[in-house]
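A.B. asks: Before anything else, here's the structure in question.
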Amino acid sequence: MDAAEFRRRGKEMVDYVADYLEKIEKRQVFPDVEPGYLRPLIADCAPQDPESFEDVFKDIEKIIMPGVTHWHSPYFFAYFPAASSFPALLADMLCGGIGCVGFSWASSPACTELETVMLDWLGKMVNLPEEFLAGKDGQGGGVIQGSASEATLIALLAARTKTIRRVQSEQPELTEAEIMGRLVAYASDQAHSSVERAALIGAVKIKNVPSDDTFSVCGSALKKVLDEDKAAGLIPFFFCATLGTTSCCSFDKLLELGPVCNKENIWMHIDAAYAGSAFICPEFRHLLNGVEFADSFNFNPHKWLLVNFDCSAMWVKKRSDLIGAFKLEPLYLQHHHQESGLVTDYRHWQIPLGRRFRSLKLWFVLRMYGVKGLQEHIRKHVRLSHQFELLVLQDERFEICAEVVLGLVCFRLKGSNELNEALLQSINDAKKIHLVPCHLREKFVLRFAICSRTVESTHVKFAWQHISQLATDLLKTWEQNHHRQ
């Protein structure tokens, strides 16, 4: 393919993507395929001779689309949003076109410098304390990671290195292995599984801190666990606070937890993967109060801020803590500006060496929507979730299972877990809308998340009528079977 054909085909592809997104609600939200559907549809091995673009292009609808779950459909209410917008897609195209691998400042100065400035822009939008910003000569700063899971792992590994060095300086007789064996990380019993996974990769123990009736962790619960572990000779070193848990969007109590962590010399990382985007709205910013106690903070613009995957924003108060944990300087990666103090080499802030020019997506989206446009997007989703909550509350067969704060509603039929499992199965079997469940304590609960950029009140009403009708049908057969028994 030469540049002339690329121009022609590129326009065709843009038209195809625009049509796909414009007409997405006509597609069934969840595919009808069985595992292994794809292999018989394509050849056993790569072709020896080149094929035409037409041949490849016509196979998109034939082979790929039948197996796609349409995350951007207004009938997709599962997981959390996957952000997407036309400015972000165009920026991603430019990122692919430039094709730099931005591991150091010298490997592409614009790639590094735009990221530093964009993370400052974003930090100011959520009103982060000054010390988390790079500014002209700050000690903190932001970096784009691939996911919140990566950000948690990076924070845990940096905390581990920092603690080992501190303990070795206080007790030089202890070996690194002895200290490692005594380290403990902590997170809420509602925290995402990625926190446990980070501890697994970091080869440290992790303990769950019990959450309260609102599914939040409070200061006294953390302190109790810490006191027990310190008495047993363990070394607490890391706590991951969650703002907007995956199951029910609950919020750990930062203003209580922060002082405990600071007093005990524990690194506090805040995972606000989904909820963090909402903090650009002044009415939700109070949910971040207490961030001033944290060592690191992360949220995903690629969930709710119209920047398509991957773009996970992470800030640290002291970037030297990250660099101190990951810095290696082989000759082939060195450059003559690196000691100037003016440049950032992001390879020291992350697990991979290479990185894409992801800040272009932020730059395009923040400029073309503006803070006000993004605030309106968040507020619309929150309004729609409260609309759904109201519909659920008007039907006495159902109950709401957790406070609705942002764009997630946790609800269920009053009755057994088996009944609710059957309801969810009938919803997802019908494939008109898509939902996923969670467990809240011993209850099986249905999650209804407002996800699509194009979702409107009519889609929410349709979803509720559909759920309500399926519940009516299910309860009839349930009662008949019950009477038979």
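The values are calculated or read from the model by the stated rules, or taken from the named source; none is laboratory data. Keep in mind that what you see is a predicted model, and the values were worked out from it rather than measured. Please note: Cβ atoms are built from the backbone with ideal geometry, for glycine as well, and neighbour counts cover all protein chains shown. Protein only, heavy atoms only, side chains kept; ligands, DNA and RNA dropped before computing areas. Shrake-Rupley method; radii C 1.70, N 1.55, O 1.52, S 1.80 Å.
A.B. asks: At a 1.4 Å probe, what is the % contribution of carbon and sulfur to the accessible area of the range 3-82?
C.D. replies: Accessible surface attributable to carbon and sulfur in the range 3-82 totals 58 percent.
A.B. asks: Now, a different point. Mind scanning K207/K253; K303/K380; K11/K431; K207/K230 and naming the pairs with a C-alpha gap bigger than 22 Å?
C.D. replies: K11/K431
A.B. asks: Counting Lys +1, Arg +1, Asp -1, Glu -1, what net charge surrounds E196 among other residues with beta carbon under 13 Å of its beta carbon?
C.D. replies: +1
A.B. asks: Same structure, new question: Rounded to a whole number, what is D in µm²/s for the chain from Stokes-Einstein with the Kirkwood radius over alpha-carbon pairs (10 °C, 1.306 mPa s)? Could the numbers behind the result be given before it?
C.D. replies: Numbers: Rh = 24.7 Å.
Calculated translational D: 64 µm²/s.
A.B. asks: If you line up the Cα atoms of the range 179-327 on their principal axes, what length do they span on each, largest first, in Å?
C.D. replies: 46, 42, 25
A.B. asks: Continuing with this model, one more query. Using only protein heavy atoms and a 1.4 Å probe, report how much of D473 is accessible, in Å² to the nearest 10.
C.D. replies: 70 Å²
A.B. asks: Counting only protein heavy atoms, what percent of the accessible surface of the range 372-483 is carbon or sulfur at a 1.4 Å probe?
C.D. replies: Here it works out to 53 percent.
A.B. asks: Percent antiparallel among DSSP beta bridges with both residues in the chain, to the nearest 5?
C.D. replies: 55 percent
A.B. asks: Where q = 0.11, 0.12, 0.23, 0.25 Å⁻¹, what log10 of I(q)/I(0) comes from the Debye formula for the range 3-82, counting one point per Cα?
C.D. replies: The Cα Debye sum returns log10 ratios of -0.41, -0.48, -1.18, -1.23.
A.B. asks: Counting only other residues whose beta carbon sits under 12 Å from that of A18, what net charge do I get with K and R as +1, D and E as -1?
C.D. replies: Around A18, the charge tally is -2.
A.B. asks: Write down the accessible area per residue of the chain in Å², having rolled a 1.4 Å probe over the full set of protein chains.
C.D. replies: Numbers: 23010 Å² over 485 residues.
I get 47 Å² per residue for the chain.
A.B. asks: Of all alpha-carbon pairs in the range 384-465, indicate the percentage at a distance above 19 angstrom.
C.D. replies: 33 percent
A.B. asks: DSSP loop GluC sites (Glu not before Pro) in the range 358-449 with at most 11 other Cβ atoms within 10 Å of their Cβ, which ones?
C.D. replies: Details: sites: E376, E389, E396, E399, E403, E418, E421, E442; in loops: E396, E403, E442.
Sparse-neighbourhood loop GluC sites (Glu not before Pro): E396, E442.
A.B. asks: Give a quick list of GluC sites (Glu not before Pro) in the range 142-204 that DSSP marks as loop, anything other than H, G, I, E or B, with at most 15 other Cβ atoms within 10 Å.
C.D. replies: Of the GluC sites (Glu not before Pro), the ones in loops of the range 142-204 whose Cβ has at most 15 other Cβ atoms within 10 Å are E173.
A.B. asks: Could I ask something else about it? Within 14 Å, Cβ to Cβ, of R441, how many net charges do the neighbouring residues add up to if Lys/Arg are +1 and Asp/Glu are -1?
C.D. replies: -3
A.B. asks: Using only protein heavy atoms and a 1.4 Å probe, report how much of E228 is accessible, in Å² to the nearest 10.
C.D. replies: 100 Å²
A.B. asks: Which Rg and Dmax, in Å, describe the Cα atoms of the range 100-356?
C.D. replies: 17.9, 56
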